[in-house]
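Colleague: I have a structure I would like to understand better, so I am pasting it below and will then ask my questions one at a time.
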Number of protein chains: 2
Amino acid sequence: MKVALLAHEKFPGRAKTAIGVLRYADYDVEAVIDRNNDGSRVHDHVADVQDAPIVASMADVTDDVDALVIGIAPIGGGFDESWRPDVRNALERGCDVYSGLHYFLEDDEEFASLAVEHGCELWDVRKPPTDVGVADGVADSVDATVVATVGTDCSVGKMTATRELYEHAREEGLDAAFVATGQTGILIEGDGIPVDRVVSDFAAGAVERMVLEAGADHDYVFVEGQASLVHPGYSGVTASIVHGAMPDQLVLCHEHGRDSVHGYDQALPPVATFVDRYEAFAEPVADAEVVGGMLNTRGVESDAVAREAIADFADVIDAPADDPVRFGPDSVLEVIR
Amino acid sequence: MKVALLAHEKFPGRAKTAIGVLRYADYDVEAVIDRNNDGSRVHDHVADVQDAPIVASMADVTDDVDALVIGIAPIGGGFDESWRPDVRNALERGCDVYSGLHYFLEDDEEFASLAVEHGCELWDVRKPPTDVGVADGVADSVDATVVATVGTDCSVGKMTATRELYEHAREEGLDAAFVATGQTGILIEGDGIPVDRVVSDFAAGAVERMVLEAGADHDYVFVEGQASLVHPGYSGVTASIVHGAMPDQLVLCHEHGRDSVHGYDQALPPVATFVDRYEAFAEPVADAEVVGGMLNTRGVESDAVAREAIADFADVIDAPADDPVRFGPDSVLEVIR
């Protein structure tokens, strides 16, 4: 399937959905739309994902595409009105539109009527199922090994780490499943529940349901974590995932150099404390151990410096660590097996 | 205002909304409806609340009442079809219906059309406002002293403890506000946001908004806690309240003798550990200290034994403790002032 990826003014640093789709999804990305990077190519900015031209608007996407994917997820998940002409153009051309925003395109009168008129699908990835209930506290009843990623902050690489572990596990012949809990993971996997959009009473229940389903059919279940237990806005989402999944193992994700909560005037506690934080938080519900760490070293130029940073991180958390994008997730996968 | 309180098969032990309304709300309760306790009176079961006859159905409520209040909050918040004749009868008599269920009466076709036909209001207390956003992490900017209740489990008395602290503070002339975060508190206060019903990304934001509003006008803000940080289903709600409110002080609530999570096959950790659990969880976001404890001794017959249990609890948490219903909240209020 051919898609265009909308990422105005955010590519690549603040366009994690777009990067995730470029790296992992089964789509052919024909173009990235970012008015600030018009004329360059994806590979001018990011090396290790599929390449595509960057254009200023959907009207500039000359190839036939099947869908426009909104590849940005701003804090709050609102719709930026400056994107309206792009979505309108897509629908008028008969393209479906996929969105992970809290703002539902289906509920937008203009988009809804254009979609009907042109026979297009609006997929609001972040709309959860309506039949999710309270967690029963039984996710640990599955025979599968359940591994959840957790993090020191938002946007440190939890989805990426989870996806790399899952893909490498499958490449090694393990029967692994990927449980998507956020918009990017769901867009890539084509399935999942956006836990951050579930009402808070049922958020753990949504995770439990996915783990029970995946765990019934697979030997390893990799659960995509969200946010952080120390995040002033989103810690409830994190809590619901850790308790809802009742994981056997945790993988701690961090971005090298990150020392405050992104977008907030709040220092991050020392990285070493997160091992205890997560294990102590999980413990009354699940006996989960931090078995490895994933360090995002995208801000580091040299591979040698990155390796050193990863070694330091492994030392601090007293467990094997990798940068799954830069060097692969093998040493962490090793301890999970 | 005169109300009837629906509490079928749950009164009094599992009807915490009904008990809260009987104890604190500004309503005259004309009857409690519980088919299992038909013919008895409230005071036959609970002493320290307003009295009322208990009848089998809304049809048996002979007095004129202005509203029927659903006084039960089952796990999951569903509507029990056996209650339908009572709600129907109320609407046909021109009574409003107040409900704290997750199931919205407004979305029930029969109730919605009966309400229109008879000019009644359906108040779905648990429907949150649609304009709540992500927390900015700024609740600590208020000058007020913010006190949040936290607990070892659901239904241990957090709403009651909060309400008692608030009412006693006002009786002592302090300028105090009550922030209602759950259906019972909202029914009593007539205002508030049901945090457990807010989508999890915005749950802390909802609490923050209420604290900022209350803190702008008052010297003390008492925030009603929910659930528990160790609850397998609801810990995300608790997390959102503790981080969203950024409290200065925490009051730990527990029920005497409770040693497992209500309705779950999960032991509660030792009570002493909760002081550290809550303080450590709060710490990256708010420097909150457990300054007192509230012990619910409703299961204890003798006042002397209750006093002993409270003294033991105070010892375990190393802070003053009360049973706010049995003996009042004064020793805890003392340390808050």
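The values are calculated or read from the model by the stated rules, or taken from the named source; none is laboratory data. All of these numbers come straight from a predicted model, not from anything done at the bench. Backbone-built Cβ (ideal geometry, glycine too); neighbour counts: all protein chains shown. Accessible surface areas use protein heavy atoms only, side chains included; no ligands, DNA or RNA. Shrake-Rupley method; radii C 1.70, N 1.55, O 1.52, S 1.80 Å.
Colleague: If we scan region A:14-21, do we find a residue that is farther than 26 Å from A:GLU167 by Cβ, polar (S, T, N, Q) and either assigned to a loop (DSSP other than H, G, I, E, B) or under 18 Å from the mean Cα position of the chain (by Cα) (or both)? Talk me through it step by step, then tell me what you get.
Modeller: So the first thing to find is which residues in region A:14-21 are farther than 26 Å from A:GLU167 by Cβ, and the list is none.
For region A:14-21, residues farther than 26 Å from A:GLU167 by Cβ, polar (S, T, N, Q) and either assigned to a loop (DSSP other than H, G, I, E, B) or under 18 Å from the mean Cα position of the chain (by Cα) (or both): absent.
Colleague: Could you list, ordered by first residue, the pairs with Cβ atoms under 7 Å in which the first is in region B:262-274 and in the same structural domain as B:ASP315 (by TED's automatic domain parsing) and the second is at pLDDT below 95 and of a type outside the set (A, V, I, L, M, F, W, C), at least 6 apart or interchain?
Modeller: If the second residue must be at pLDDT below 95 and of a type outside the set (A, V, I, L, M, F, W, C), the pairs left are B:HIS262/B:SER155.
Colleague: Separate question: Tally up the residues in region A:31-78 that are within 14 Å of chain B (Cβ to nearest Cβ) and among the hydrophobic types (A, V, I, L, M, F, W, C), please. Talk me through it step by step, then tell me what you get.
Modeller: Within region A:31-78, the first condition is being within 14 Å of chain B (Cβ to nearest Cβ), and the residues that meet it are A:73-78.
The next check asks that each one be among the hydrophobic types (A, V, I, L, M, F, W, C); those that pass are A:73, A:75.
Matching residues across region A:31-78 total 2.
Colleague: Limited to region A:278-291, what total is found for residues that are open to solvent by 70 Å² or more (accessible area, probe 1.4 Å) and either aromatic (Phe, Trp, Tyr) or closer than 22 Å to B:GLU283 by Cβ (or both)?
Modeller: Kept after step one, since they are open to solvent by 70 Å² or more (accessible area, probe 1.4 Å), are these residues of region A:278-291: A:283, A:287, A:289.
Right, trim to either aromatic (Phe, Trp, Tyr) or closer than 22 Å to B:GLU283 by Cβ (or both) and you get A:283.
Selection size over region A:278-291: 1.
Colleague: Filter region A:47-84 for residues that are farther than 14 Å from A:ALA4 by Cα and open to solvent by 20 Å² or more (accessible area, probe 1.4 Å) and give the result.
Modeller: Initial filter on region A:47-84 (farther than 14 Å from A:ALA4 by Cα): A:47-49, A:73-82, A:84.
Passing the criteria: A:ALA47, A:ASP48, A:ALA73, A:PRO74, A:ILE75, A:GLY76, A:GLY78, A:PHE79, A:ASP80, A:GLU81, A:SER82, A:ARG84.
Colleague: Sticking with this structure for a sec: Looking at region A:173-276, what helices (runs of 4 or more DSSP H) fall wholly within it and have at least 3 residues that are within 14 Å of another protein chain (Cβ to nearest Cβ) and either of a type outside the set (Ser, Thr, Tyr) or open to solvent by less than 10 Å² (accessible area, probe 1.4 Å) (or both)? Quick ask: steps written out before the conclusion?
Modeller: Working: elements: A:183-189, A:203-217, A:235-245.
Correct list: A:203-217, A:235-245.
Colleague: Taking the criterion of being among the small types (Gly, Ala, Ser) and closer than 25 Å to A:GLU167 by Cα, would at least one residue in region A:33-50 satisfy it? Walk me through how you get there before you give the answer.
Modeller: Step one: filter region A:33-50 for residues among the small types (Gly, Ala, Ser), giving A:39-40, A:47.
Then drop every residue that is not closer than 25 Å to A:GLU167 by Cα, which leaves A:47.
Yes, that holds for at least one residue.
Colleague: Another question, if that's okay. Within region B:100-107, can one find any residue that is open to solvent by 30 Å² or more (accessible area, probe 1.4 Å) and not in a loop (DSSP other than H, G, I, E, B)?
Modeller: Our first condition is that a residue be open to solvent by 30 Å² or more (accessible area, probe 1.4 Å); within region B:100-107, this holds for B:103, B:106-107.
So of that shortlist, the ones also not in a loop (DSSP other than H, G, I, E, B) come out as B:106-107.
The answer is yes, given that some residue of region B:100-107 is open to solvent by 30 Å² or more (accessible area, probe 1.4 Å) and not in a loop (DSSP other than H, G, I, E, B).
Colleague: Taking region A:22-46 on its own, how many of its residues are open to solvent by 70 Å² or more (accessible area, probe 1.4 Å) and part of a strand (DSSP E or B)?
Modeller: Matching residues across region A:22-46 total 2.
Colleague: Considering A:VAL29, A:VAL42, A:VAL61, A:VAL55, which residue is over 19 Å from the mean Cα position of the chain (by Cα), within 25 Å of A:THR297 (Cβ to Cβ) and not assigned by TED's automatic domain parsing to the domain that holds A:VAL198? Lay out the reasoning, then the answer.
Modeller: Details: A:VAL29 fails: over 19 Å from the mean Cα position of the chain (by Cα); A:VAL61 fails: within 25 Å of A:THR297 (Cβ to Cβ); A:VAL55 fails: within 25 Å of A:THR297 (Cβ to Cβ).
Answer to the selection: A:VAL42.
Colleague: Given the criteria within 25 Å of A:ILE72 (Cα to Cα) and open to solvent by 10 Å² or more (accessible area, probe 1.4 Å), does A:ARG170 qualify?
Modeller: Details: within 25 Å of A:ILE72 (Cα to Cα): no; open to solvent by 10 Å² or more (accessible area, probe 1.4 Å): yes.
Considered against the rule, which asks whether it is within 25 Å of A:ILE72 (Cα to Cα) and open to solvent by 10 Å² or more (accessible area, probe 1.4 Å), A:ARG170 comes out as no.
Colleague: Of everything in region A:292-337, what is assigned to a strand (DSSP E or B), under 30 Å from A:ALA135 (Cα atoms) and open to solvent by 20 Å² or more (accessible area, probe 1.4 Å)? Give them in sequence order. Walk me through it before giving the result.
Modeller: Filtering region A:292-337 for residues assigned to a strand (DSSP E or B) gives A:292-296, A:321-322.
When the remaining residues are screened for being under 30 Å from A:ALA135 (Cα atoms), the result is A:292-294.
If the condition is that a residue be assigned to a strand (DSSP E or B), under 30 Å from A:ALA135 (Cα atoms) and open to solvent by 20 Å² or more (accessible area, probe 1.4 Å), then no residue fits.
Colleague: Go through region A:277-295 and report how many residues are closer than 18 Å to A:PHE313 by Cβ and either touching a Lys or Arg at 6+ places or on another chain (Cβ under 7 Å) or at the interface with chain B (Cβ under 8 Å from one of its Cβ atoms) (or both).
Modeller: Of the residues in region A:277-295, the ones closer than 18 Å to A:PHE313 by Cβ are A:277-279, A:289-295.
Subset that is either touching a Lys or Arg at 6+ places or on another chain (Cβ under 7 Å) or at the interface with chain B (Cβ under 8 Å from one of its Cβ atoms) (or both): A:277.
Count: 1.
Colleague: Here is a further query. State whether one or more residues within region B:128-142 are surrounded by fewer than 24 Cβ atoms within 10 Å (Cβ to Cβ) and within 17 Å of the chain's Cα centre (by Cα).
Modeller: There is at least one residue in region B:128-142 that is surrounded by fewer than 24 Cβ atoms within 10 Å (Cβ to Cβ) and within 17 Å of the chain's Cα centre (by Cα).
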